[in-house]
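The values are calculated or read from the model by the stated rules, or taken from the named source; none is laboratory data. Here the structure is a predicted model, which means the values were calculated and not measured. With ideal geometry, Cβ positions are generated from the backbone for all residues, glycine too; neighbour counts draw on all protein chains shown. Protein only, heavy atoms only, side chains kept; ligands, DNA and RNA dropped before computing areas. Shrake-Rupley method; radii C 1.70, N 1.55, O 1.52, S 1.80 Å.
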Amino acid sequence: MQILFFLSVGLLLAVPAAADDTIPAYLAHLRQQARELRLAEQREWYLLLHYRANLFGGYTSEQDDPGFFLSPNGKTDPQAELDATLAEFFSEELVGRSKQPAQCAFVARYTWLKRELSFDDARLRPFKCDRFDAWFAGFDAEAVTLIFPSAYMNNPASMFGHTFLRIDQKGQTPQTRILAYTINFAADVPKDEGLAYPVRGIFGGYSGYFSTIPYYLKVQEYRDIENRDIWEYRLNFDAGQIRRLLMHAWELGNASFDYFFFKENCSYHLLALLEYADPSLHLTEQFRFWTVPADTVRLLAGQPGLVNDIAFRPSRVTLIRRKRERLSAAEHRVVKRLVRDATAGQSEEIKSLPLARQAFLLDVASDYVRYKGDRDEDHAAEYRAHNRQLLTTRSQLRIPSEDLAIHPFSLQPESGHRTSRAGMGVGWRNDDTYEEVSLRAAYHDLLDPEPGYTPGAQIEVGSVTLRHYNRAEQTRIERATLANIVSLSPMDSLFRSPSWKLNLGMQTITHRGCELCSNWVMNGGIGAATDTHLLRREVWFLFAEAEGNYSRAYEERHRVGGGASAGFYADLAERWRLLASAGYLRYALGDKSDDVRWSVGQRYTLAQNWALRLEYHHRDHDNDVLFTLQAFF
């Protein structure tokens, strides 16, 4: 089994078809039969070729690799592709990226057409597809599991999570499934792309490929290095559906798709693969403009009878934090000492503890040292040596580790609100009243209901608010957001990751006599956060930030400056959250001015996809109170 399909498998041992005079006549017969049955118009053919209906008629395949089509017009002509496919099934010519005869490169097409047209093996001799047979047998598949690693806030590429499939082998247990193989779709991104990455990712500048990767490598990447919790959804597919899925996955190894970060991404093409496995599923048509992985998980989990088991695989940070909750203050100090000095494991302080507690403290320290080693390549050797000393001390205890149930800090993703949001509200601003409507494409902000989402993470993309002021008799775009991201990582004695934020968009301001003026904003900040549990849970944050504005309200139409902001959010009750912040910025370039701002907002959750908000925002001579009803869809 290899990382990419086909790359290191041996040469095909194909049995050549007999070339005789009967082929043209039999091919013509099959084509005529296919036309009479209108096979090129059937959903099975559309699923196999990834055809999508055009807005003004006709079909176009989402496949972008010419090698996937056997007709020059195959991308837009389903009938021409079917005719060419039948012809290629007689040929030994090598096709596709895998360079095999068409019968072997496109086994799903061959299997379906053979069943529909009842191929005469004497006149259309079947080839022996050793490479596919070996690849298929290597899976020894018993079940298919959808894997969802949650977002990793310090990596913008993971903001919406990721999905891929794990093919579970016969006889595997929950403990040994880490040895299974996966089917993954991802963009082929060169190293050090830098700022080109989001641009090319958004506009389809990369090619995406299916690959087969051992699950333990993906777990190491997501759970151990990127600290992303992993959710596993076992799908209720029978043997026939699993075979169909693998046959089509093999075919997709012959081609590439243009990768679009928001639409044709990892989750979208996995849905297409699942649709072929079970044609009764209609999945991709649910995502017309963007495909958020969490939404695809929610969609699959909502299919009656499709998901029969859900498992949680905690990240190393979640594991350590949950274990640390079981430590007393004195034990916490011992762990910190073990993290600094492995020889502390031989100290009287730890030797005086019961064996079970000694083992637990050494396990926690070992987990943390491994976590540090995975994230610090420059000192990885030192951490490995440190961990070996801890493990040596641990092995001398000769007792097994306690089997702990590690619970996630957030509920499973399908339990959260949907990712698009619409709102209707009324408010008061500077002696005027208004009504407003808002629409947000994705995804989640700090005041939204948190179940199912990464705590302390805000990712807003593509939102716009339209407001009508009654006294001013003016209707205007009040706010527009390209991206508004906040990552709050509470620091403690073991974890010191910084928090950060970024905001790109437009808002309406009142400034020096210019009322209701559009103000374009670019803001970024780096800071720190910590949490307390005085009520339920409170997160406190402080940022140093820089900001640039562009508006006709300013001298020279711009200003650039910096400052600081601080705030907190608190869960006052299960459904009630309060968010407050205040900041001061001094603008030294352009319009030399300053800005003092504060805001208080609260949200009450009515239901999973319904919420009420009351917010107050203050800036210089500008006060705004807003009450909204929000719906997630």
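In the neighborhood of Ile178, defined by Cβ-to-Cβ distances under 11 Å, what is the net charge if each Lys or Arg adds +1 and each Asp or Glu adds -1?
Values: positive: Arg166, Arg177, Lys218, Arg223, Arg313; negative: Asp168, Glu232.
My count for the surroundings of Ile178 gives +3.
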(Q) What is the distance in Å between the Cα centroid of segment 339-360 and that of segment 24-40? (A) 77
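Ranked by accessible surface with a 1.4 Å probe, highest first, in what order do His444, His282, His332, His533 come? If you can, show how the numbers build up before the last one.
Values: His444 5, His282 75, His332 50, His533 120 Å².
Ranking His444, His282, His332, His533 by accessible area, largest first, yields His533, His282, His332, His444.
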Q) What does the accessible area of Thr111 come to, in Å² to the nearest 10, when a probe of 1.4 Å is used? A) 60
Q | Point-to-point label distance, Val625-Met424, nm (Cα→Cβ direction, 7 Å offset) | A | 2.2
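Given +1 on the Cβ of Lys and Arg, -1 on the Cβ of Asp and Glu, and no further charges, what dipole in debye does segment 400-514 carry about its Cα centre, rounded to the nearest 20? Numbers along the way, then the final one.
Values: 11 positive and 14 negative charges, 119 e Å.
Result for segment 400-514 is approximately 580 debye, rounded to the nearest 20.
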Q. How much area per residue is accessible in the chain when the probe is 1.4 Å and only protein heavy atoms are counted (Å²)?
A. 46
Q.
Can you tell me, using C-alpha contacts under 8 Å and at least 6 residues apart, the relative contact order of the chain as a whole percent?
A. 8
Q) What helices does the chain have that are whole DSSP H segments, at least 24 Å long along their own axis by Cα, and with mean Kyte-Doolittle hydropathy of 1.0 or more? A) none
(Q) Net charge around Arg586, counting only other residues with Cβ within less than 12 Å of its Cβ (Lys, Arg = +1; Asp, Glu = -1)? (A) -3
Q) Among the Cys residues of the chain, which have no other cysteine Cβ under 4.7 angstrom away? A) Cys266
Q. If you average 1/r over every pair of different alpha-carbon atoms in the chain and take one over that average, what Kirkwood value in Å do you get?
A. 28.1
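For His468 and Ile310, FRET efficiency with R0 = 41 Å and r from the beta-carbon atoms, rounded to 0.05? List each step's numbers first, then the result.
On the way: r = 45 Å, r/R0 = 1.11.
That pair, Ile310 with His468, gives E of 0.35.
For the chain, with all protein chains present and a 1.4 Å probe, just round the carbon and sulfur fraction of the accessible area to a whole percent. Write out the running numbers ahead of the final one.
Working: 16080 of 28890 Å².
Answer for the chain is 56 percent, counting heavy atoms of protein chains only.
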Q) Separation between the Lys128 and Thr343 pseudo-spin-labels, each 7 Å from Cα along Cα→Cβ, expressed in nm? A) 6.7
Q: Considering only protein heavy atoms, with the full assembly of protein chains and a 1.4 angstrom probe, order Ser91, Ser352 by accessible area, largest first.
A: Ser352, Ser91
Q | Potential extension, Lys114-Leu179 segment - 0.36 nm per residue separation minus Cα distance | A | 19.9 nm
Q: Provide the packing ranking of 584-590, 169-175, i.e. peptides ordered by the mean count of other C-beta atoms within 10 Å per residue, highest first.
A: 584-590, 169-175
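In deg cm²/dmol, rounded to 500, what helix-only [θ] at 222 nm does the chain give when every DSSP H run of at least 4 residues adds -39500 (n - 2.57) and the total is split over its residues?
Dividing the helical sum by the residues of the chain leaves -8000 deg cm²/dmol.
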Q: Would you kindly calculate the translational diffusion coefficient of segment 64-148, applying Stokes-Einstein with the Kirkwood radius from alpha carbon pairs, for 25 °C and a viscosity of 0.890 mPa s, and quote it in µm² s⁻¹ without decimals?
A: 172
Q.
Restricting to Cα pairs below 8 Å that are 6+ residues apart, what does the relative contact order work out to for segment 534-609? Please round to a whole percent.
A. 27
**Q.** Label point distance in nm, Arg322-Tyr604, each placed 7 Å from Cα along Cα→Cβ
**A.** 3.4
Q. By accessible area of protein heavy atoms, probe 1.4 Å, what ranking do Asp445, Asp403, Asp492 get, highest first?
A. Asp403, Asp492, Asp445
Q: With r as the distance between the Cβ atoms of Ala137 and Arg597 and R0 = 56 Å, compute the FRET efficiency 1/(1 + (r/R0)^6) and round to 0.05.
A: 0.30
**Q.** Added length on full extension, which subtracts the Cα-Cα distance from 0.36 nm per residue, Glu382 to Phe289
**A.** 28.7 nm
